[in-house]
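The values are calculated or read from the model by the stated rules, or taken from the named source; none is laboratory data. If you're wondering where the values come from, they're calculated on a predicted model, not measured in any experiment. No Cβ is skipped: glycine too gets one built from the backbone with ideal geometry, and neighbour counts run over all protein chains shown. Remember, those area values only see protein heavy atoms, side chains included, never the ligands or the DNA or RNA. Shrake-Rupley method; radii C 1.70, N 1.55, O 1.52, S 1.80 Å.
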Amino acid sequence: MATLPPKAAPSPPFANRELNGELLLEEISELRNAQVPQRQLNDCVGALKDLMGTRASEASAHIKVLATARFAQHPAMAALLVRWASRLKTDVDVPLLFGHFERLARVSAAMSALRRASERLPKGGRG
Amino acid sequence: MKAKAVAGYDLVSAEASSRLDVWPERSKHLFTELLEDAANDMQRELLNRAVAAGHSAAEVHAFADALRGLSDVEAFEKCTIGLDSAPGYTVAQVLKAEADPLFAFTLRGGDISPAEERPRASDALPYVPPPSSPRSDGRKFDEMTDPKVRVQRSGGFDVRDDGALKRAAAAAARELGASIDAVPRPSTGPSAAVPSPSSGPAIVQDVLNDAMHALGIAYREQGVDGAGQAKLEDVMAQVAQALQRGLPVPVALGPDPGKDRRFALFLQVQTSGKSRAYQLYDVLSQEVAWLNEGDLFARTELPFASKANRRITRIALPVIKGS
């Protein structure tokens, strides 16, 4: 009986349970400290979307080019992209990487909004 | 990584400085935050000029919000007018617009909605009819860590574990988003709060939808567990569905229904059989914790340092097309 090929597993960085939890928060903090505007995150997500369906090697090279060409003025953003590009090992990592940056932009925007709205709560949301 | 220098009052012209001198400390702090949040030097310059023109802190705040989503070209285009391009304007208007970008912005049809009074939380909360989803009880997790021990890594958590793990996020560096001193601005237009029959004003929906608009996401806010409101058990299935789609879910925490005290954000969900565990992040205290759905439904305690806020009082659910 023919056996099915083993399903490709994501690389360890993409299988990390905290990929979209604590790691995500730390990355948002880095970007915030470097004063990377939210618009850059949104633009990044838009650019990465084009990579869906591409092979890991191709996506990795493309992201590195993207980092230097489009985000050169925001070194923190460029460094983050290059870091993740070098972690792409298998094709299943590509959509996970996109998902990570998508969440990065969404969570960052939501947190910004909640901080603003906290002022509407008693004690500025520290109650 | 070395952070860039924060823009501050050094960029403010003498005239703007003199205007700022008479602002209350709170407004000065807000303005500093707005300068920090501005996308670039051009936007900072526009804000400085708006201050110099004598606009109030609330107007400048609304102006900053309107500018933030614009590109350089768009911002410049919307904040300047010329007689050749707009012969309908009077010379006086053109001269005033040259000195006052906020005036030019409004003259060119820009909409700002400065808030003079902050909307407050109301006991009468919005009601959105709940879906008819079954209650999904998770297994009870025991507390593993003392809430005072907030630096422990949460590497060993599994949704099947009999314990909820928690830790504070890497503390001070996790500053994000706008100032807590920023004066909120109720929006008009598509992102404005949508009151429902039994509701008062929403607290976060307008600001949230402003922030998420560029990402194509909209939220609808609702109180939970209050009179005439959905039960928490009824909406958590939607929360899980949103998280599985990569959409964070903002919530308010408090001691009792209708008493919203803090904001937190559901980041992700893990499921194992019928059991669900959620990762929740307190935006201001920067604590992050995994908690079991059963603990959430018990409404007795949340795994954060502030024990008074023991339940979810309000949820902003993403409006998902087709759901």
Review point. What percentage of the solvent-accessible surface of region B:210-267, computed with a 1.4 Å probe over protein heavy atoms, is contributed by carbon and sulfur atoms?
Key: 45 percent
**Study point:** Angle between chain A longest axis and helix A:22-33 axis [Cα atoms, degrees, rounded to 10]
**Key:** 60 degrees
Review point. Which cross-chain or sequence-distant (5 or more) residues have an amide H under 5 Å from the amide H of B:Phe266, H modelled 1.01 Å from N in plane?
Key: B:Val249, B:Val251, B:Tyr281
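By per-residue mean of other Cβ atoms within 10 Å, what is the highest-first order of A:74-83, A:107-116? Working shown, then result.
Working: A:74-83: 19.2, A:107-116: 27.1.
Most protected by this proxy first, the peptides run A:107-116, A:74-83.
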Exercise for review: With everything on Cα atoms, drop me the angle between helix A:56-70 and the longest principal axis of chain A, reported from 0 to 90° to the nearest 10.
Suggested key: 40 degrees
Study note, to complete from the structure: Residue by residue through region A:41-47, the couplings from Karplus 6.51 cos²θ - 1.76 cosθ + 1.60 with θ = phi - 60°, in Hz, x for Gly and Pro, are 5, 4, 5, 4, 4, x, 6
**Study point:** Relative compactness, chain A, computed as alpha-carbon Rg over 2.2 N^0.38 Å
**Key:** 1.23
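Using only protein heavy atoms and a 1.4 angstrom probe, determine the accessible area buried between A and B, summed over both sides, in Å² to the nearest 100. Can you show the working numbers first?
Details: alone 8420 and 16820 Å², together 19890 Å².
The contact between B and A buries close to 5400 Å².
Name the GluC sites (Glu not before Pro) in region B:226-323 that are in a loop by DSSP and that have at most 16 other C-beta atoms within 10 Å, would you? Present the calculation step by step, with values, prior to reporting the outcome.
On the way: sites: B:Glu233, B:Glu287, B:Glu293, B:Glu301; in loops: B:Glu301.
Those that pass, being in a loop and sparsely packed, are B:Glu301.
Determine the share of chain A's accessible area contributed by carbon and sulfur atoms, expressed in whole percent, with a 1.4 angstrom probe.
Working: 3230 of 5590 Å².
That fraction is 58 percent.
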Check your understanding: Which distance in Å, rounded to a whole number, links the C-alpha centroids of region B:211-227 and region A:72-101?
Key -> 29 Å
Check your understanding: Could you list log10 I(q)/I(0) for region A:72-111 at q = 0.22, 0.25, 0.34 Å⁻¹, which the Debye formula gives when each Cα is one point scatterer?
Key -> -0.78, -0.91, -1.06
Practice item. Using only the alpha carbons of region B:252-298, determine the length spanned along each of the three principal axes and report them from longest to shortest in whole angstroms. Key: 33, 22, 10
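If you roll a 1.4 Å probe over the heavy atoms of the protein chains, what accessible area per residue do you get for chain A, in Å²? All intermediate terms of the calculation are to be shown ahead of the outcome.
Details: 5590 Å² over 127 residues.
Heavy-atom SASA per residue in chain A reads 44 Å².
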Practice item. Whole number in Å², please: accessible area per residue of region B:256-323, 1.4 Å probe, ligands, DNA and RNA not counted. Key: 30 Å²
Study note, to complete from the structure: Here the alpha-carbon Rg of region B:279-321 over 2.2 N^0.38 Å rounds to 1.26
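Given R₀ = 30 Å, FRET efficiency for A:Gln73-A:Leu23 by Cβ-Cβ distance, to 0.05?
Numbers: r = 25 Å, r/R0 = 0.82.
Efficiency, from the Cβ-Cβ distance: 0.75.
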Practice item. Can you give me the P(r) profile for region A:37-107? Cα pairs, bins 10 angstrom wide beginning at 0, each as a whole percent. Key: 23, 60, 17, 0
Point to revise | Inter-chain Cβ neighbour average for residues B:258-269, partner chain, 10 Å | key: 5
